[in-house]
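Here is the structure we will look at, set down as C-alpha cells.
What follows is calculated from the coordinates using simple rules that are stated; it is not laboratory data. Keep in mind the model is a prediction, meaning the values are calculated, not measured. Positions of Cβ are generated from backbone atoms using ideal geometry, with glycine treated the same way; all protein chains shown enter the neighbour counts.
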Amino acid sequence: MRALVFDGRTSGYEGGMRLENRESPVAGPGEVLIAPELVGICGTDLHLLDGEYPLGRFPRIAGHEFSGRVLAIGPGVTRFAIGARVCVDPNIACGTCSMCREGAFNLCSNLVPVGVTIDGGFAEAVAVPEKIVHLLPQSLDAQAAALIEPLACVLHAFERAPTLQDASVLVYGAGSIGLLAIALARHQGAARIEVIEPSATRRAAALELGAEVAFAPGERETRRDVRFVIEASGHPAAVADALDRLAPRGVLIQMGVCAPEAQIALTPFDLFDRELSLIGSQSLSGAYGRAIEVMTMLAPALQGLVSHVFALDEAREAFATARSEMARKVLIRCNPSP
C-alpha cells in the first residue's frame, strides 16, 4: 500500500514527510482493516509534521479524522462485515484507569491515539480495534464523515459547559474547530454568535455557518458583554483577551492548543468578582457516537466547510494549503470513492 509517513524532522525526510510503499497491515484479533476514503488534516497533524507534538512517536503514519470501508476483519470481530461503511473514534482508552471509570476517556492514563502513537489514516489501509469503529449512517457521505471527529471535540466541549441556548457567544479563531463551534452553537439555539479571526476567507466562512458578525483582531471594542467565549485559536494573547470579554458569570471554554510553556496574566480578584467559569476541553472523550447523530442533522449546513480535497500523492500541497489563510478544512483522498 501507499502511506504518508512523518519522521518528526529527525530522519531528513523532505519537509518532514515521505510517500512510501509499505506492506499493508493485517487485521489481527479484534481488529478491523479499513480502506480510508477522505482523511482530514488537523492542527495535531501539523504539529506532528513539525516534530512538535509531545506524544508523537516516529516514523508515523498520521491521520485521525477518517471513515472508509471494511477490507477485512480479524478473529473475534462480530459487529462488522467486509464492505461496511465505517468511521473511527481515534482514541483507544484502557477502560480501567480512574479517568476511564469516570467516563473521561480522553484523559485515560494509558491512552493510545490513532495517528499519533500508532499508525493512522493517511494510507490506503489501516488496522484499528473493533471497539473504536462505528457504522456510518447511509445518509452521510465521506466528506461529512471526515468531520465527525472534530465535531465530537466541539460537542465534548459544549457538554462540559452550561447550555448555550439563548446565550451570546464569541468564538476566537475560525479554523475548522471554530467553524464547527459556530455551526453547533447555532444548532443549539445560541441567540447571537460573533467571531474574531484574522483571515478574511475564514471570516466569510464564519458568516456562512451562522455567525452574525466576524471581526478582525482589534476591531471588536465592547468588553465584558458575552456569556460564552469559545477559544479555538490556541494563541495566548487571544486567551487573555477572551477573559476580558466575559460578562459577569461568563464562561470561557478553552479548546485551542497553546504551547505548553505559554502563560497569561490572571487576576484572582476578577475571577472571584465576576464569578467567571474557566473550562478546559481536550479531545473528544466519549462524544464520538453522539457526534455521528448530530452530524446527520448538521451535514447540510456544513457543505461549505471543506475548501480543498487533494489526492494522497499531493500531500505536500495539501499540508501547505492547510497552513494557509485561504483554507477552511483540507482533506486528503486516500482511496477512490466506490
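Put simply, when 326-336, 155-165 are sorted by average Cβ atoms within 10 angstrom per residue, most first, you get 326-336, 155-165.
Distance between the C-alpha centres of the range 214-253 and the range 158-199: 12 Å, rounded to the whole angstrom. Compared with the direct C-alpha span, the chain from Ser324 to Glu261 gains 20.2 nm at full extension, assuming 0.36 nm per residue.
Legend: calculated FRET efficiency, Cys94 to Asn21, from the Cβ-Cβ distance at R0 = 30 Å, rounded to 0.05, equals 0.35.
Kirkwood radius, the range 161-280, all distinct C-alpha pairs, inverse of mean reciprocal distance: 14.1 Å.
Put a plus charge on the Cβ of each Lys and Arg, a minus charge on the Cβ of each Asp and Glu, and nothing anywhere else: the dipole of the range 161-280 about its Cα centre is then about 200 debye.
For the listed peptides 11-21, 125-135, a ranking on the average number of other beta carbons within 10 Å per residue, highest first, reads 125-135, 11-21.
Starting from the range 253-338, pick out the GluC sites (Glu not before Pro) whose DSSP state is loop and whose Cβ has at most 14 other Cβ atoms within 10 Å. For GluC sites (Glu not before Pro) across the range 253-338 that sit outside H, G, I, E and B with at most 14 neighbouring Cβ atoms in 10 Å, the list reads Glu261, Glu275, Glu325. Here the range 22-40 and the range 110-131 have alpha carbon centers that stand 8 Å from each other. Compactness of the chain is given as radius of gyration and Dmax, 19.8, 61 Å, from Cα positions.
When DSSP beta bridges are restricted to pairs lying wholly in the chain, around 55% turn out antiparallel.
Dipole magnitude for the chain: about 440 debye, using +1 per Lys or Arg Cβ and -1 per Asp or Glu Cβ, origin at the Cα centre.
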